[in-house]
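Throughout, read-outs are computed from the coordinates displayed, never taken from laboratory work. Given the structure is predicted, the values throughout are model-derived calculations rather than measurements.
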Amino acid sequence: MPRKDSKETILDAAETLFATRGFTATTIKQIGTRAKVNPALMYYYFGDKQALYRAVLARLIGGLAENLGGRLRD
C-alpha cells in the first residue's frame, strides 16, 4: 500500500481535529502530533492555520462535488 505524502497526512489530521475540537481549540502542534510530522511542515505547505482550514474545506467540498457529479451522470 503506498504511503500518503506529508501534505495529505496533515490534511487528514487537521480534518479530524477541526471536526472534533473546532478551529479555535485545535493547535498546529496537535495537528503535527496527530499527523506524526514536524509542525513546521504545516507552515511550509499552507502558510498558517487559517489557510490549512481552507484547504481542508476545499478538499471536502471538492469530494462532495465530485460525488454529486458522478451521481448526476448516472
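Here the Karplus curve 6.51 cos²θ - 1.76 cosθ + 1.60, taken at θ = phi - 60°, turns the phi angles of region 41-51 into couplings of 4, 5, 5, 5, 7, 10, x, 7, 5, 5, 5 Hz, with x standing for Gly and Pro. What are the lysines whose alpha-carbon lies under 18 Å from the alpha-carbon of residue 49, with same-chain residues fewer than 8 places away excluded? Cα-Cα hits under 18 Å: 7, 29, 36. Applying the Karplus relation 6.51 cos²θ - 1.76 cosθ + 1.60 with θ = phi - 60° to region 17-27 yields 3J(HN,Hα) values of 5, 4, 5, 8, 10, x, 4, 5, 7, 8, 10 Hz, where x marks Gly and Pro.
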